[in-house]
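Step one of this worksheet: look at the structure below.
The values are calculated or read from the model by the stated rules, or taken from the named source; none is laboratory data. None of the values given here were measured: they were computed from a predicted structure. Every residue, glycine as well, gets a Cβ built from its backbone with ideal geometry; the counts of neighbours run over all protein chains shown.
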Amino acid sequence: MLDASSFSIHDSHSSYTRPLSLTEQRKAALMAKVDTFEPADFEAMKQDDAGGKRDNTSGRNKLIALHNAIYPQLRTHNLDLHLMFGDSNIITDHSATTLYAGDSLAVQYSRSRSQARMVERLMGREEAVAVGDISIRRHPIIEMRLSAEAFAIELVLGPDARWDQTNLAGKLTIERHNSELYTLLSHMDKSYAMGFWRGVHCNDMHLTTGQFYHPQIMDEWMSTFEPGQDWFRLGTWYETDDERLQDDDFAEDVLNHIRALYQVYIMLRWASDNNFHTFYNR
């Protein structure tokens, strides 16, 4: 187990090494002591012999602990990601990748609720927003998800998030921004999977970032993306026997994946200073 009190921050421009503050030590300690997922946690996500749900309390608690370790770090790293409905709704059994609930447990980060209200008004949902009818599925999501086959960290932009899907499609009609996405993907870990399928499981119809060795490959792949119909998704998967699940720095690894996905998240999400709707002409 890592000792948070031994951590320090080194200034690369001098020989001085600053010890972590008490707050920083506490955050580091949370990151260090997160229990990772075990085979039993994945097995508990399967249906029992009668077709009912198994007891997934252990996996649920580990996912909450992972969130508790990571969430304070989002502010530290200037990531504008939120639990849209607050701490009372940390875990959901309805993944952003599917129409149906019950196949997984997930923590979902997205816009703040006030930002979501503004976007949904732009979608023409003024009356619904006025009575609090806001859905995270209408927004880009970075999701940590536990299912029977894998633990995944994915950026998901589902068909219900049509305002942002249209923004992405419009932005990619401009060569400079198309190159920006390619550059982001080419600098990511080569094992990230990108595709447009639906469901909590990894579909064979995907390409990895390692396969985008030329911009034309990404262009041809993205040309098949249909806003309003497809799920745009990009992420990494830890299968049940993945040795990384046993690493002491597992939580830090997950945080780094979220930081990498966030760069694509801010590139595609609609904002007043990132508005490309007028360029979409399908």
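What residue, of Met144, Met188, is assigned to a strand (DSSP E or B) and surrounded by 15 or more Cβ atoms within 10 Å (Cβ to Cβ)?
Values: Met188 fails: assigned to a strand (DSSP E or B).
After applying the criteria, what remains is Met144.
Can you find a residue in the range 253-268 that is assigned to a loop (DSSP other than H, G, I, E, B) and either of a type outside the set (A, V, I, L, M) or over 27 Å from Phe42 (Cα atoms) (or both)?
No, the range 253-268 contains no residue that is assigned to a loop (DSSP other than H, G, I, E, B) and either of a type outside the set (A, V, I, L, M) or over 27 Å from Phe42 (Cα atoms) (or both).
Could you tell me whether Gly170 is under 22 Å from Ala69 (Cβ atoms) and small (Gly, Ala, Ser)? Walk me through it before giving the result.
Details: under 22 Å from Ala69 (Cβ atoms): no; small (Gly, Ala, Ser): yes.
No; evaluated as a whole, the condition is false for this residue.
Exactly one of (1) among the polar types (S, T, N, Q); (2) touching a residue at least 40 places away in the same chain (Cβ under 8 Å); (3) assigned to a loop (DSSP other than H, G, I, E, B) is unmet by Asn78. Its number?
For Asn78, the exception is condition (2).
In the range 240-261, is there at least one residue being farther than 27 Å from Ala148 by Cβ and charged (D, E, K, R)?
In the first step, residues of the range 240-261 are kept if they are farther than 27 Å from Ala148 by Cβ; the result is 259.
Of the ones still in play, those that are also charged (D, E, K, R) are 259.
Yes, because at least one residue in the range 240-261 is farther than 27 Å from Ala148 by Cβ and charged (D, E, K, R).
Could you please find all residues in the range 194-247 being assigned to a helix (DSSP H, G or I) and among the hydroxyl-bearing types (Ser, Thr, Tyr)? Steps first, answer last, please.
Let us first name the residues in the range 194-247 that are assigned to a helix (DSSP H, G or I), namely 209-211, 215-222, 243-246.
Once the filter is applied, which keeps residues that are assigned to a helix (DSSP H, G or I) and among the hydroxyl-bearing types (Ser, Thr, Tyr), the range 194-247 yields only Thr209.
Out of the range 93-104, which residues are surrounded by fewer than 24 Cβ atoms within 10 Å (Cβ to Cβ) and either at pLDDT 95 or above or hydrophobic (A, V, I, L, M, F, W, C) (or both)?
Keep residues of the range 93-104 that are surrounded by fewer than 24 Cβ atoms within 10 Å (Cβ to Cβ), which gives 93-94, 98-103.
Selection gives Leu99, Ala101.
Can you tell me how many residues in the range 108-125 are without any contact (Cβ under 8 Å) to a residue 60 or more places away in the chain and assigned to a strand (DSSP E or B)?
2
Residues are listed down the side, and each one gets a yes or a no for (1) touching a Ser or Thr at 6+ places or on another chain (Cβ under 6 Å); (2) among the hydroxyl-bearing types (Ser, Thr, Tyr); (3) under 14 Å from Gln263 (Cβ atoms):
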| site | (1), (2), (3) |
| --- | --- |
| Leu181 | no, no, yes |
| Ser186 | no, yes, yes |
| Ala193 | yes, no, no |
| Gly199 | yes, no, no |
| Cys202 | no, no, no |
| Leu207 | no, no, no |
| Tyr213 | no, yes, no |
| Glu220 | no, no, no |
| Thr224 | no, yes, no |
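Tell me, which residue of the range 86-107 that is in contact with a helix residue (DSSP H, G or I) (Cβ under 7 Å, 6 or more places away or on another chain) and in a loop (DSSP other than H, G, I, E, B) is nearest to Leu155 (Cα to Cα)? Talk me through it step by step, then tell me what you get.
Initially, the range 86-107 is screened for residues in contact with a helix residue (DSSP H, G or I) (Cβ under 7 Å, 6 or more places away or on another chain), giving 90-91, 96, 105, 107.
Then keep just the ones that are in a loop (DSSP other than H, G, I, E, B); that gives 90-91, 96.
Working: Ile90: 17, Ile91: 17, Ala96: 9 Å.
The qualifying residue nearest to Leu155 (Cα to Cα) is Ala96.
Check Glu239, Glu252 and return the single one that is under 20 Å from His67 (Cα atoms), surrounded by 16 or more Cβ atoms within 10 Å (Cβ to Cβ) and charged (D, E, K, R).
Glu252
In this structure, does Ala69 turn out to be modelled with pLDDT of 90 or more, surrounded by fewer than 18 Cβ atoms within 10 Å (Cβ to Cβ) and not in a loop (DSSP other than H, G, I, E, B)? Even if it seems obvious, please write down each step before you answer.
Numbers: modelled with pLDDT of 90 or more: yes; surrounded by fewer than 18 Cβ atoms within 10 Å (Cβ to Cβ): no; not in a loop (DSSP other than H, G, I, E, B): yes.
So Ala69 fails the test.
Looking at the range 149-201 only, could you name the residues that are without any contact (Cβ under 8 Å) to a residue 24 or more places away in the chain and more than 25 Å from Glu239 (Cα to Cα)?
Glu175, Arg176, Thr183
Based on this model, can you work out whether Gly235 counts as at pLDDT 95 or above and either more than 20 Å from the chain's Cα centre (by Cα) or closer than 30 Å to Phe37 by Cβ (or both)? Don't jump to the end; show me each part of the working.
Numbers: at pLDDT 95 or above: yes; either more than 20 Å from the chain's Cα centre (by Cα) or closer than 30 Å to Phe37 by Cβ (or both): yes.
The answer is yes for Gly235.
Would you confirm whether or not the range 219-232 contains a residue that is within 25 Å of His77 (Cβ to Cβ) and modelled with pLDDT of 95 or more? Write out each step before concluding.
In the first step, residues of the range 219-232 are kept if they are within 25 Å of His77 (Cβ to Cβ); the result is 232.
Then keep just the ones that are modelled with pLDDT of 95 or more; that gives 232.
Yes, that holds for at least one residue.
Would you check if Asp219 is in contact with a strand residue (DSSP E or B) (Cβ under 9 Å, 6 or more places away or on another chain), among the acidic types (Asp, Glu), over 24 Å from Ser272 (Cβ atoms) and surrounded by fewer than 22 Cβ atoms within 10 Å (Cβ to Cβ)?
On the way: in contact with a strand residue (DSSP E or B) (Cβ under 9 Å, 6 or more places away or on another chain): no; among the acidic types (Asp, Glu): yes; over 24 Å from Ser272 (Cβ atoms): yes; surrounded by fewer than 22 Cβ atoms within 10 Å (Cβ to Cβ): yes.
The answer is no for Asp219.
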